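The values are calculated or read from the model by the stated rules, or taken from the named source; none is laboratory data. Here the structure is a predicted model, which means the values were calculated and not measured. Because the Cβ atoms are built from the backbone with ideal geometry, glycine has one as well, and the counts that use them run over all protein chains shown. What goes into the accessible areas is simple: the full protein's heavy atoms, side chains included, and nothing from ligands, DNA or RNA. Shrake-Rupley method; radii C 1.70, N 1.55, O 1.52, S 1.80 Å.
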Amino acid sequence: MPIFLDPIFSFISLSHLMVDTFNASRPVLLTYFGLSESQIALFSTIYIWASALTQPIFGWISDRTGPRWLSAGGVLWMTVFYSLALTLPGNAGLACLIIAALGSSAFHPVGAVQAALRGRELMKGRETTSTSLFFTAGQMGHFAGPIITGLILTYLKIPGMYILPLVSIPIGLSLMNQLRHNHPHPQPVKTVISRRSRAGLVFIFILMIVATMQSWAQANMVNLIPKYIKDLGQSATVYGSMAGLFMGGSALGNMFGGYFADRFPKRFVASLALLFAAFPIYTVSQIGWSWWLYLLVPLAGAFTGAVHSIMVVLAQRIIPGGMALASGLILGFIFSSGALGLLYTGHLAELHGFPYVLTLTTGMVLFASPLALLLKE
């Protein structure tokens, strides 16, 4: 696709892959450290909140200062503190891992805006497609991160995990070079502001509900399925691969979701994707360990992931303020609401088992599917 020949889009996407490789290694790393479901859920919630709740702030700053330092700096910030998390023992290392999440927070709203702008300029206004490709790169990081982490921990243990920071350094420096002109983000024109005002609180409320259900469903799967597979007697390679397959499916779903959302009404695409997600999620809850999981888990990821870029693009058009602020607000809300739900379902998983949580997750996507039809373009 020609947009990948654009150096800015390519390095933004490559940086997203690296940032989310760091993020996705977390559940496998915590499982390897021997944390329980509740501990994993609690730590993951703190980690995600540290990243999510600060995204609007970084988005607001980048709307005024340009994208260069927050995007490239976010990658390099994660590199430094992820390395410290591997080096320092116990709670000090876990604290550094949480601090590393601020790098992800700085990068995401800026990267989402750059992807949308490149789509407008290079793809004749197909910003949902370019945004979905950007998020696909990140979700490929979520796909590769657990698999790579599982393999490294199996064969090289913790010292091997320093491979990831070493790879990220040239990526962050290259992104800094590509954005050296630091062009400011465009500000919304009066007609856009007027349209945003007419959208009203009802639209934003529905968008929040749909985004919460989608994010919560994904958080349940990607953060708890490694522990579930481990409890079924499988190795780090297997449970790392399973989390990776879910996010690999999510990456493909995100790409196709963005493609179809630029050609058909976005609300119909989101509604159908959430409806179809219910079937593989519920089936996984019923079959225990089976080789069918290698098909069902990525299918669940594909259908839930197809909704993500649609939510972000709709928010960029409606939420008042600059594009990066809007991106930071919706991304921060998506990630934090999923993390809050995870805190509750992690406790439920210990009390009733992961299959019970999957049944609950099935209900979430079925609840969100008809609500998505109420979203305006």
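Just one of the listed residues (Phe143, Phe135, Phe107) is of a type outside the set (Asp, Glu), open to solvent by less than 10 Å² (accessible area, probe 1.4 Å), under 15 Å from Gly301 (Cβ atoms) and in a helix (DSSP H, G or I), namely Phe135. Ala300 satisfies every condition listed in (1) free of Cβ contacts under 8 Å to residues at least 60 places away in the same chain; (2) touching a Phe, Trp or Tyr at 6+ places or on another chain (Cβ under 7 Å); (3) of a type outside the set (Asp, Glu) except (1).
Keeping to the range 146-172, report how many residues are within 26 Å of Ala72 (Cβ to Cβ) and open to solvent by 40 Å² or more (accessible area, probe 1.4 Å). The number of residues fulfilling the criteria is 7.
Residue count for the range 1-32 satisfying the condition of being at pLDDT below 85 and open to solvent by 10 Å² or more (accessible area, probe 1.4 Å): 5.
For the range 244-291, a residue qualifies if it is free of Cβ contacts under 8 Å to residues at least 40 places away in the same chain and within 21 Å of Leu224 (Cα to Cα), and the qualifying residues are Phe279, Pro280, Thr283, Ile287, Ser290, Trp291. Looking at Leu275, is it assigned to a helix (DSSP H, G or I), touching a Ser or Thr at 6+ places or on another chain (Cβ under 6 Å) and of a type in the set (A, V, I, L, M, F, W, C)? Yes.
Taking every residue in the range 202-221 that is on the phi < 0 side of the Ramachandran plot and in a helix (DSSP H, G or I) and pairing it with any residue that is at pLDDT below 85 and basic (Lys, Arg), at least 6 positions away or on another chain, the pairs with Cβ-Cβ distances below 8 Å are Phe203/Lys376. Of all the listed residues (Pro89, Pro67), the sole one being at pLDDT below 90 and surrounded by 24 or more Cβ atoms within 10 Å (Cβ to Cβ) is Pro67. Picking from residues in the range 18-44 that are polar (S, T, N, Q) and within 14 Å of the chain's Cα centre (by Cα), the one that is nearest to Gly172 (Cα to Cα) is Thr21. Of all residues in the range 110-132, those being open to solvent by 10 Å² or more (accessible area, probe 1.4 Å) and among the hydrophobic types (A, V, I, L, M, F, W, C) number 3.
Here is a yes/no grid of residues against (1) assigned to a loop (DSSP other than H, G, I, E, B); (2) open to solvent by less than 10 Å² (accessible area, probe 1.4 Å); (3) under 21 Å from Phe256 (Cβ atoms):
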residue	(1), (2), (3)
Gln286	no, no, no
Ile310	no, yes, yes
Leu325	no, no, no
Gly338	no, yes, no
Val357	no, yes, no
Leu360	no, no, no
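The set of residues from the range 254-284 being over 29 Å from Leu232 (Cα atoms) and among the hydrophobic types (A, V, I, L, M, F, W, C) comprises Met255, Phe256, Phe260, Ala261, Phe264, Phe268, Val269, Ala270, Leu272, Ala273. Taking the range 189-208 as the range and being open to solvent by 40 Å² or more (accessible area, probe 1.4 Å) and at pLDDT 55 or above as the test, the residues that pass are Leu201, Val202, Ile204, Phe205, Met208.
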